[in-house]
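Everything below concerns the one structure shown next.
The values are calculated or read from the model by the stated rules, or taken from the named source; none is laboratory data. These numbers were taken from a predicted model, which means no experiment stands behind them. Glycine also receives a Cβ, built like all others from the backbone with ideal geometry; neighbour counts cover every protein chain displayed. Areas reflect the complete protein model, heavy atoms only, side chains present, ligands, DNA and RNA absent. Shrake-Rupley method; radii C 1.70, N 1.55, O 1.52, S 1.80 Å.
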Amino acid sequence: MRQRFASRLVLVVMLAWAASVRADAAATFDFQANSGFVDRSEVQGTFGLNNGQMQKRASQVVFTSAQTVTLAVNCVGGPAQRAVMEITTTVDFTLVPTKGSFDGFTLAGVRDVLIADPPPASTICGGPGSLGGEIAAVRRLSASLGGQTVMLIDEH
């Protein structure tokens, strides 16, 4: 009985892993280099478009990357604090052509960069202090079309 349960558990884990690999392969993005690829089927299916509609509206898709980074703040003579920095960009893309259509979107380059810096360490600490290293980060890539927005990548 135990072996049968273990076999089923292994099968479930393997199927879940295979599904996550497929999902991850549909959209990739390097947030440091601002480059990646989004498969056409990912965008087409998400927005409920048929092939003809996707072909016509592909240039209207807007990709946005957002990073929320939590930084350590080292306060002199006081407890350590935290600060948050946010970076939002519009990501440029080119269509990857195929016979009579396209395979996907090659993401490269950014524009409309908005950076919300944290307040100075001295303000956070109420006295002398300094910003430290990254504690945590949330990185997201989304696509928008016609008022709809979907999350393609959500890394914590």
On full extension of the chain, what length is gained from Asn50 through Val150, given 0.36 nm per residue of separation minus the C-alpha to C-alpha distance?
34.3 nm
Roughly how many nanometres apart are two label points built 7 Å out from the Cα toward the Cβ at Glu86 and Asp117?
1.8 nm
Accessible area, probe 1.4 Å, largest first, for residues Leu141, Leu49:
Leu49, Leu141
Globularity index of the stretch 35-93, i.e. its alpha-carbon radius of gyration over 2.2 N^0.38 Å
1.89
In sequence order, calculated HN-Hα J values of the stretch 113-126 (Karplus, 6.51, -1.76, 1.60; Hz; x Gly/Pro)
7, 10, 10, 9, 6, x, x, x, 4, 5, 6, 5, 7, x
If I ignore ligands, DNA and RNA and count only protein heavy atoms, how much of Asp103 is accessible to a 1.4 Å probe, in Å² to the nearest 10?
80 Å²
In nm, to one decimal, how far is the Ala72 label point from the Glu134 one, both placed 7 Å along Cα→Cβ?
1.5 nm
Give the span of the stretch 14-156's Cα atoms along each principal axis, as three whole-Å numbers ordered largest to smallest.
65, 40, 25
